[in-house]
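Asker: Sharing a structure below in structure tokens format, with a few things to ask.
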Amino acid sequence: MRHLPELEAGYDWFFNQYRIEAERCTSRGDVEGIERLDAKRDVLERSILVLMFGQFEQAVNRTFEAALESRLSNPDWRHRRGWDISALRGRKVAFETKLALVLDSRHPAFSEIMRTYAIRNHCAHGGMSQAIGSIGALLANLYSWRVLLTH
């Protein structure tokens, strides 16, 4: 998640520019200008959500790979049990499976992460209909979720 600060800084810069321009439009009574700005903001926020969540996905992938390596290299079968199947090797392991292996699926954050992942997928494939929420809240969640991952 090393690029999150850069992504946050870029978003903050954009949002500041957006506010300045929105104030100009408001002072001129330019409703169409505000609508155009809002449309641009919406696209950018969806893009930033995809990029930011991608940083968390990388953290899940790295934690999963470390857990897999640790379990597979353990001589005690009780530690390898369930981890030494071919379905866990290669790039085809689903995000939800990886997440469930590094975070208790009964933890409240698990369902929050999967809801955010569904929104990320919606946005990544051009979806514009689902609300994405606050980018600030997303950032806070990503950092708090990161510390929950274990191998």
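Asker: Could you go through the stretch 94-109 and let me know if any residue there is surrounded by fewer than 17 Cβ atoms within 10 Å (Cβ to Cβ), farther than 30 Å from Ala39 by Cβ and touching a residue at least 40 places away in the same chain (Cβ under 8 Å).
Answerer: yes
Asker: Please work out if Gln55 is assigned to a loop (DSSP other than H, G, I, E, B), within 30 Å of Asn16 (Cβ to Cβ) and in contact with a helix residue (DSSP H, G or I) (Cβ under 7 Å, 6 or more places away or on another chain).
Answerer: No; evaluated as a whole, the condition is false for this residue.
Asker: Continuing with the same structure: Please specify each residue of the stretch 7-32 satisfying the condition of being among the acidic types (Asp, Glu) and without any contact (Cβ under 8 Å) to a residue 60 or more places away in the chain.
Answerer: Asp12, Glu21, Glu23, Asp30, Glu32
Asker: Something else now. With the requirement that a residue be among the polar types (S, T, N, Q) and within 14 Å of the chain's Cα centre (by Cα), what does the stretch 92-151 give you?
Answerer: Ser111, Thr116, Asn121, Ser134, Asn141, Ser144
Asker: Working only within the stretch 85-127, note down all residues that are in contact with a helix residue (DSSP H, G or I) (Cβ under 6 Å, 6 or more places away or on another chain) and part of a loop (DSSP other than H, G, I, E, B).
Answerer: Matches in the stretch 85-127: Leu103 only.
Asker: Next up: Take the residues in the stretch 25-46 that are closer than 15 Å to Phe15 by Cα and of a type in the set (Lys, Arg); name whichever of them is surrounded by the most Cβ atoms within 10 Å (Cβ to Cβ).
Answerer: Among those residues, the one meeting the criterion is Arg46.
Asker: With the structure loaded, tell me whether Ala67 is of a type in the set (Gly, Ala, Ser), touching a His at 6+ places or on another chain (Cβ under 7 Å), surrounded by 16 or more Cβ atoms within 10 Å (Cβ to Cβ) and not in a loop (DSSP other than H, G, I, E, B) or whether it fails that test.
Answerer: Yes; evaluated as a whole, the condition is true for this residue.
Asker: Can you say whether Gly133 is on the phi > 0 side of the Ramachandran plot and free of Cβ contacts under 8 Å to residues at least 60 places away in the same chain, as far as the supplied structure shows?
Answerer: In short, yes.
Coordinate-derived values only; no laboratory data. Only a predicted model underlies this, so the values are computations on that prediction, with no experimental measurement involved. Here the Cβ is made from the backbone with ideal geometry for all residues, glycine too, and neighbour counts use every protein chain on show.
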